[in-house]
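Novice: Okay, handing you the structure first.
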């Protein structure tokens, strides 16, 4: 960009910011800190109902650790794609001054996942990964760690058994749909700039998500005509606080949140895999129910999730007299997800819950909010996020039950000969052992959302 163009752009930006700052302000707070309020003098009852459509596309590269040239390298194996389309619904009712109760759920039309060999080409023009050289297809190790065949290790792949089948063309898919879990909660504005302009809007909220959705079973075969369930059977408790302060026609905000997940009695366990299918999904499945390896110990372990969001709404047009306004929302955010055993990007392929390494989700969103009349609002939003690279198969090997680890009580120490039933039944020597683990990277999560909101 030349110096004159830069000067013009700077002038336009300055004019826009100046017009925004000096535009007349209304009493409405940022959407992030909006709370339904009733029994006010000019607002005896407040009800918000929203319904929308969301489409989320997640893509990533799946690599695998492999001993190569005397060291461990990450080798490209798969490309992963997931498309989720849903209809979110939310109802909020004002109970008193700046106190609301709300509830919501989504109907998920589809969660379509696909694993395929990547389209990357080698120097000679042939595909870099096919069934001929994939370590998934040419696997020489059993889930218990035994070599399947001596001939399998010499490069001939004789006696190899695929971890899961991936066709050279089209890949393999998983298909799910259904009603999501249901959440209910309370939000309270402890401070409100609408009541006292010297103060910010400060909102405290608590949400409880009930495991209402039918629990998914990764080992069950699904198809577009016969879709599987989407739930994981976890209770979730979310605590959040948010601040915003209207400054002319700009409303900056910040939000912090934390979610605790607790498995319910219906939460999935890998030891529930049918006996006929355990040999292909579990290592020492005979340890299920033995010693510490209870159903819950080998089952769902929801991660802790902590979030941080900051941004601002800008109002190029705001007419309080006509109850009309247009808002532009710019937002950045981050989530920290701890390690845990969940249904992740490879679960439906291998047929069980897998242990995730901790990771961060980072990104931002752009939204436009338009209120054409007092009772109707339209919200459009698009976002782009990424996950930091992390292992998808990082199951702890077991527990030291006979003291051989000499005080090392970590879940990374145990007898690999399983003499004391120390090996975790979920541990699979094919892909949980360091040097063989799967990792996901280059993740992009792109979403578009449209919501219609009715306010009374």
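The values are calculated or read from the model by the stated rules, or taken from the named source; none is laboratory data. In this text the structure is predicted, and so the values were computed from the model without any measurement. Methodologically, a virtual Cβ is constructed for each residue, glycine included, from the backbone with ideal geometry; neighbour enumeration extends over all protein chains shown.
Novice: If you go through the range 336-376 one residue at a time, how many are part of a strand (DSSP E or B) and farther than 26 Å from residue 308 by Cα? Show your work before the answer.
Specialist: Within the range 336-376, the subset part of a strand (DSSP E or B) is 336-337, 340-342, 354-356, 359-371, 376.
Narrowing the set further to residues that are farther than 26 Å from residue 308 by Cα leaves 354, 371, 376.
Total satisfying the criteria: 3.
Novice: Does residue 137 count as buried (at least 18 other Cβ atoms within 10 Å of the Cβ), at pLDDT 95 or above and closer than 28 Å to residue 279 by Cα?
Specialist: Working: buried (at least 18 other Cβ atoms within 10 Å of the Cβ): yes; at pLDDT 95 or above: no; closer than 28 Å to residue 279 by Cα: yes.
No; evaluated as a whole, the condition is false for this residue.
Novice: A follow-up question, please. Starting from the range 78-99, take each residue that is free of Cβ contacts under 8 Å to residues at least 40 places away in the same chain and list its partners that are surrounded by 16 or more Cβ atoms within 10 Å (Cβ to Cβ) and in a loop (DSSP other than H, G, I, E, B), counting only C-beta distances under 8 angstrom and pairs at least six apart or across chains.
Specialist: Between residues of the range 78-99 that are free of Cβ contacts under 8 Å to residues at least 40 places away in the same chain and residues that are surrounded by 16 or more Cβ atoms within 10 Å (Cβ to Cβ) and in a loop (DSSP other than H, G, I, E, B), there is no close pair.
Novice: Now for a different question. Determine, yes or no, whether residue 127 is modelled with pLDDT under 90, closer than 26 Å to residue 239 by Cα and either surrounded by fewer than 15 Cβ atoms within 10 Å (Cβ to Cβ) or in contact with a helix residue (DSSP H, G or I) (Cβ under 7 Å, 6 or more places away or on another chain) (or both).
Specialist: The answer is no for residue 127.
Novice: Still on this model: I'd like the full set of residues that are exposed (fewer than 15 other Cβ atoms within 10 Å of the Cβ) and either touching a residue at least 60 places away in the same chain (Cβ under 8 Å) or within 31 Å of the chain's Cα centre (by Cα) (or both), limited to the range 33-46.
Specialist: Correct list: 45 only.
Novice: Tell me, please, whether a residue that is modelled with pLDDT of 95 or more, buried (at least 17 other Cβ atoms within 10 Å of the Cβ), within 32 Å of the chain's Cα centre (by Cα) and under 28 Å from residue 439 (Cα atoms) can be found in the range 95-102.
Specialist: No, there is no match, as no residue in the range 95-102 is modelled with pLDDT of 95 or more, buried (at least 17 other Cβ atoms within 10 Å of the Cβ), within 32 Å of the chain's Cα centre (by Cα) and under 28 Å from residue 439 (Cα atoms).
Novice: Quickly run through the range 339-377 and pick out the residues that are over 23 Å from residue 271 (Cβ atoms) and modelled with pLDDT of 95 or more.
Specialist: 358, 359, 360, 361, 362, 363, 364, 365, 366, 367, 368
Novice: Related question: Checking the condition over 30 Å from residue 93 (Cβ atoms) and surrounded by fewer than 16 Cβ atoms within 10 Å (Cβ to Cβ), which residue from 416, 378 passes?
Specialist: After applying the criteria, what remains is 416.
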